1. Within the range 161-182, work out how many residues are open to solvent by 50 Å² or more (accessible area, probe 1.4 Å) and either outside any helix (DSSP H, G or I) or not β-branched (Val, Ile, Thr) (or both).
2. If you take the residues in the range 230-245 that are surrounded by 19 or more Cβ atoms within 10 Å (Cβ to Cβ) and modelled with pLDDT under 85, which one is nearest to the chain's Cα centre (by Cα)?
3. Out of the residues in the range 121-160 that are free of Cβ contacts under 8 Å to residues at least 12 places away in the same chain and assigned to a loop (DSSP other than H, G, I, E, B), which is surrounded by the most Cβ atoms within 10 Å (Cβ to Cβ)?
4. With the requirement that a residue be open to solvent by 40 Å² or more (accessible area, probe 1.4 Å) and modelled with pLDDT under 80, what does the range 192-211 give you?
5. Kindly list the number of the only condition in (1) in contact (Cβ under 8 Å) with a residue 12 or more places away in the chain; (2) within 20 Å of MET235 (Cα to Cα) that fails for GLN113.
6. Could you pull out the residue among VAL160, VAL171 that is farther than 18 Å from PHE236 by Cα and β-branched (Val, Ile, Thr)?
7. What pairs can you find where one residue is in the range 44-72 and without any contact (Cβ under 8 Å) to a residue 40 or more places away in the chain, the other is part of a helix (DSSP H, G or I) and open to solvent by less than 40 Å² (accessible area, probe 1.4 Å), and their Cβ atoms are less than 7 Å apart, with a gap of 6+ or different chains?
8. For the range 130-154, give me the residue count where each residue is over 16 Å from PHE236 (Cα atoms) and out of contact with any Asp or Glu (no Cβ under 9 Å at 6 or more places or on another chain).
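The values are calculated or read from the model by the stated rules, or taken from the named source; none is laboratory data. Since the model is a prediction, treat every value here as computed from it, not as a measurement. Cβ coordinates were reconstructed from backbone atoms using ideal geometry, including for glycine residues, and neighbour counts include every protein chain displayed. Accessible surface areas use protein heavy atoms only, side chains included; no ligands, DNA or RNA. Shrake-Rupley method; radii C 1.70, N 1.55, O 1.52, S 1.80 Å.
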Amino acid sequence: MLKLVKHLARTLKDSIRDLLPIFAVIAFFQLVVLQQPIPNLPDLIIGFILVVVGLTLFVYGLETGLFPIGENMARDFAKKGSLPWLLAFAFALGFGTTVAEPALIAVADEAAQVAATGGMIEDSDASRTEYSSGLRLTVALSVGFAILLGVIRIIKGWPVQYLIIGGYIGVVIMTYFAPEEIIGIAYDSGGVTTSTITVPLVTALGVGLASNIKGRNPVIDGFGLIAFASLSPMMFVMGYGMIVT
């Protein structure tokens, strides 16, 4: 129990330290530059406290739950030596954590609304829902494929920089051919996929896998999966735009 309290206290201290610069910047520009009082100060203080508490509990949950789960499952799959199951797990992990990502849902719904307004699709609820769902599934499939490819990279020992360079060359080429309306959405999709759940689980998977494969260095080979998860949606979404528009 004492260990738990100490861990929570340390995490709380770190959360306050990380958030204080944000509020200091807001206070500086509001009071010094704009020379206006901070509106709704009591609500702001309450919100700050809630954010600190929420961030503290979230980080504590990552450290005690999600990171160990990812590392343990990677270790178990490495010991089991079943490549098909490992690849299936990697794909399912990327797909499952992405398809329900709130940021992706918001971006997909907004993209559907803009597409309907711009005449790319029929301006109806059914068309917007179909477009939004298709975009979400496309991004989720791309992340699942990216994590699968990243796991194969760790197993084979391929240098991550060559794959990333090749991927961005592909993005540049597809940008030339993709409809202009989808390019911005595709680029934003690469950012919203790196969610608060995907990042710790996928990172833990990569580090845990590299730690349990002979000849792999967790620092060199364990990281890089998130880069694939950010890169692949750009190409997949532009491909999706070429098909549906």
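1. Start the filter on the range 161-182 by keeping residues that are open to solvent by 50 Å² or more (accessible area, probe 1.4 Å), which leaves 161-163, 165, 168-169, 172-173, 176-177, 180-181.
When the remaining residues are screened for being either outside any helix (DSSP H, G or I) or not β-branched (Val, Ile, Thr) (or both), the result is 161-163, 168, 176-177, 180-181.
The total comes to 8.
2. TYR240
3. TRP158
4. THR194, THR196, ILE197, VAL199
5. Looking at each condition in turn, GLN113 falls short on (2).
6. Details: VAL171 fails: farther than 18 Å from PHE236 by Cα.
Going through VAL160, VAL171 in turn, the sole match is VAL160.
7. Short answer, once both residue conditions are applied: VAL51/LEU19.
8. Taking the range 130-154 and keeping what is over 16 Å from PHE236 (Cα atoms), we get 130, 150-154.
In the following step, the residues that additionally are out of contact with any Asp or Glu (no Cβ under 9 Å at 6 or more places or on another chain) were identified as 130, 150-152.
Number satisfying all stated conditions: 4.
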